[in-house]
Amino acid sequence: ETGVTQSPTHLIKTRGQQVTLRCSSQSGHNTVSWYQQALGQGPQFIFQYYREEENGRGNFPPRFSGLQFPNYSSELNVNALELDDSALYLCASSLSPSRAENEQFFGPGTRLTVL
Amino acid sequence: AQRVTQPEKLLSVFKGAPVELKCNYSYSGSPELFWYVQYSRQRLQLLLRHISRESIKGFTADLNKGETSFHLKKPFAQEEDSAMYYCALRSGNTPLVFGKGTRLSVIA
């Protein structure tokens with residue numbers, strides 16, 4: 001069984017640039033959730049994808065967008081980067097969005113630094 | 001609004017001493033409560049959830065709806081328990097809401 005993987009591990013961008021982060025879900029999982037974890041904070045929910053459709057969104061502006069592909073891997077895109085976007089971005093996959101099967105398995109994260 | 005509060009950023013205890021990591025939440029319905037742990041250089045992982053009512057690695061947590069708390073306890077701390085601990089809440093199919101975390105340091 002393959003766990004959740006994320007790429008890249010680290011990334012440095014400048015203000016105003018765009019970034020794409022990638023996540024491969026655990027084998028058999030069709031639901032992917034993205035979280036932002038700023039320094040000293042807990043993870044904060046960005047959005048969730050289920051079967052290629054957005055299935056819930058947190059309090060993040062529209063410049064945070066995502067995609068899920070037929071193989072259930074996912075991308076997080078952030079446009080017009082701001083300094084405050086510097087954070088660890090976590091991806092988590094689960095069997096489904098339903099309560100009973102929603103144990104989330106986290107990836108190692110991508111550390112984004114915006115200069 | 002759902003909120004999870006972990007009042008301690010850092011908790012240091014001696015090996016063999018009891019541990020209690022505090023977690024309080026605000027939610028008027030019937031939430032699910034979780035504890036997640038992140039060991040050094042490892043990914044965030046689920047430690048336990050209140051509905052399971054189980055003990056994992058010697059840790060237990062009881063949901064107290066009257067006090068809206070879900071404190072994590074272990075009677076005898078071990079050095080390998082040193083890690084970052086996050087309390088989290090979910091209601092129905094809503095996303096997980098995490099606290100800011102408590103770093104547990106077990107001193108030999």
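A short reminder: the numbers here are calculations on the coordinates, not readings from a lab. Values in this document were obtained by computation on a predicted structure and should not be read as measured data. Neighbour counts run over all protein chains shown; Cβ positions are idealised from the backbone, glycine included.
Taking every pair of distinct Cα atoms and averaging 1/r, then inverting, what Kirkwood hydrodynamic radius in Å comes out for the stretch B:18-60?
12.1 Å
Would you mind ranking A:T110, A:T14, B:T5 so that the residue whose beta carbon has the fewest other beta carbons within 10 Å leads the list?
A:T14, B:T5, A:T110
How far apart, in nm, are two points set 7 Å out from the Cα along the Cα-to-Cβ line at B:R103 and at B:S28?
3.8 nm
Calculate how large, on average over all directions, the projected area of the Cα convex hull of the stretch A:1-106 is; give the answer in nm² to one decimal.
6.6 nm²
Can you tell me the Rg and the Dmax, both Å, for the Cα atoms in the protein assembly as shown?
17.5, 51
Between exposed GluC sites (Glu not before Pro) in chain A, where DSSP calls loop and at most 16 other Cβ atoms lie within 10 Å, what's the longest gap?
A:2-51
Run through all the Cα pairs of the stretch B:1-87 and give the fraction in each 5 Å bin from 0, expressed as whole percent.
3, 14, 26, 26, 19, 9, 3, 1
Which of the GluC sites (Glu not before Pro) found in the stretch B:56-108 are in a DSSP loop and have at most 16 neighbouring Cβ atoms, other than their own, within 10 Å?
Hits after loop and neighbour filter: B:E67.
Using amide H atoms built in the peptide plane, which far-off residues or other-chain residues are under 5 Å from B:L48 H to H?
Sorted by chain and number, the residues that satisfy this are B:W35.
Just checking the output field for B:38-45: average partner chain Cβ neighbours within 10 Å of each residue's Cβ?
Mean shielding count: 4.
Running a GNM on chain B with Cα contacts under 10 Å, which residue among B:A61, B:A17, B:A77 ends up with the highest mean-square fluctuation?
Checking each option, the largest mean-square fluctuation is seen for B:A17.
Could you work out how far apart the two model spin labels at B:Q45 and B:E8 are, taking each label as a point 7 Å from the Cα in the direction of the beta carbon, and quote it in nm?
2.3 nm
Along the Cα→Cβ direction, 7 angstrom out, place labels at B:N93 and A:L67. What is the inter-label distance in nm?
2.5 nm
Taking the Kirkwood radius as the inverse of the mean 1/r across Cα pairs, report the Rg/Rh of the stretch A:57-115.
With Rh from the inverse mean 1/r over Cα pairs, Rg/Rh is 1.00.
Which of the lysines could a cross-linker bridge to B:K57, judged by Cα under 24 Å and excluding same-chain residues fewer than eight apart?
The qualifying lysines are B:K9, B:K15, B:K22, B:K73, B:K74, B:K100.
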